[in-house]
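Everything on this sheet refers to the single structure shown next.
FYI, it's all coordinate maths here, none of it is from the lab. Keep in mind it's a predicted model, so treat the numbers as computed, not measured. Here the Cβ positions follow ideal geometry from the backbone for every residue, glycine too, while neighbour counts run over all protein chains shown.
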Amino acid sequence: MDREVLKTNLNALFEYARAVEAQTGRRLYIVGATKTRTAEEINLAASLGLEIVGENKAQEFRDKMPLVSSSVQKHFIGHLQANKVKYVVGVASLIHSCDCLQIAEAVSKRAEALGICQDMLIEVNISGEENKHGFAVTEIFDAAGKLKEFKNVRFRGLMTVLPHADEQIVRECCKKMKELFDALRPELGEQFELLSMGMSEDYRIAVSCGANMIRIGRGIFGERRK
């Protein structure tokens, strides 16, 4: 990865985040999505100011994160399977992808064994697409009541993967996510403060609708390697 290209990409995002904060008073967290990227590339981005990175696959998270600078917050942003929570819990400062009660239970048990409380986001399948993970909109309120019973998990907010669709559809999904976030916050407490939605192609729409955390891969590192 060319250092100057990486620096240019990051500085553009940092400038955008500062503008959002100035306009809204809302801090915007930028998560560098590091799928297929090496630890060396991640550390280079960290040296240029990137503070949070997110990995999609549990085994890659396990293998790469020990090689990544301790100055960087390490998030897990992909689909998590119950048999792989041991690679992530206690290492990730935030797990974005609690998509069912079974995962919450598995994470809570692992966190209890480690003597910690694991921060997570609740994933919502806001578009209702069959190929996406997450709680359905129709079940999220019932699920929230059950999720908060897991004592070793602290739910910090919501997350979604937006559909690949025209801008109007994406914007409607973002608005629905913000409505859900606002409705759930009184039940889940003051720590419920993060709305993670928006990637390289749609983060501006997401932020305009209230997202305060975005997950950027291509917009930082360029096209993903195969």
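Miscellaneous remarks
- Ranked for footprinting exposure by Cβ neighbours inside 10 Å, fewest first, Asp202, Asp166 give Asp166, Asp202.
- Working note: Karplus 6.51/-1.76/1.60 with θ = phi - 60° gives segment 213-224 the couplings 9, 10, 10, 10, x, 4, x, 9, 9, x, 4, 5 Hz, where Gly and Pro are set to x.
- Cross-link table Lys132/Lys176; Lys74/Lys132; Lys84/Lys109, entries beyond 20 Å C-alpha to C-alpha: Lys74/Lys132
- Under 5 Å from the amide H of Gly54 lie the amide H atoms of Gly32, Ala33, Thr34, His75, each residue being 5 or more positions distant or on a separate chain, with H modelled from the backbone and absent for Pro and chain starts.
- Built amide H within the under 5 Å cut-off of Tyr29, gap 5+: Met213, Ile214
- Straight-distance crosslink candidates among aspartates and glutamates, where the alpha carbon sits under 16 Å from Lys86 and sequence neighbours closer than 8 are dropped: Glu55, Glu60, Asp63, Glu105, Glu112, Asp119
- The HN-Hα couplings worked out from phi for segment 201-206 by the Karplus form 6.51 cos²θ - 1.76 cosθ + 1.60 (θ = phi - 60°) are 8, 9, 5, 5, 5, 4 Hz, whole numbers, x standing for Gly and Pro.
- Coordinate range of the alpha-carbon atoms in segment 20-89 per principal axis, descending: 43, 26, 19 Å.
- Unit charges at the beta carbon, dipole of segment 3-221: most positive-side option, Met120, Leu80, Gly90: Gly90
- Computed 3J(HN,Hα) for segment 181-198, one whole-Hz value per residue from the Karplus formula 6.51 cos²θ - 1.76 cosθ + 1.60 where θ = phi - 60°, is 4, 5, 6, 7, 4, x, 6, 9, x, 5, 5, 7, 9, 10, 10, 9, 7, x, glycine and proline marked x.
- Gaussian network model of the chain, springs between alpha carbon atoms under 10 Å - residue of Tyr203, Tyr16, Tyr29 with greatest fluctuation: Tyr16
- Selected from Ser69, Ser127, Ser196 as most flexible by GNM, with the chain as the system and alpha-carbon contacts under 10 Å: Ser69
- Each residue in His75, His164 was given a count of other beta-carbon atoms within 10 angstrom of its own, and listing them fewest first yields His164, His75.
- For Val89, residues with placed amide H under 5 Å, excluding near neighbours: none
- Interatomic Cα distance distribution for the chain, bins of 5 angstrom, percent: 1, 7, 15, 19, 20, 18, 12, 6, 1, 0
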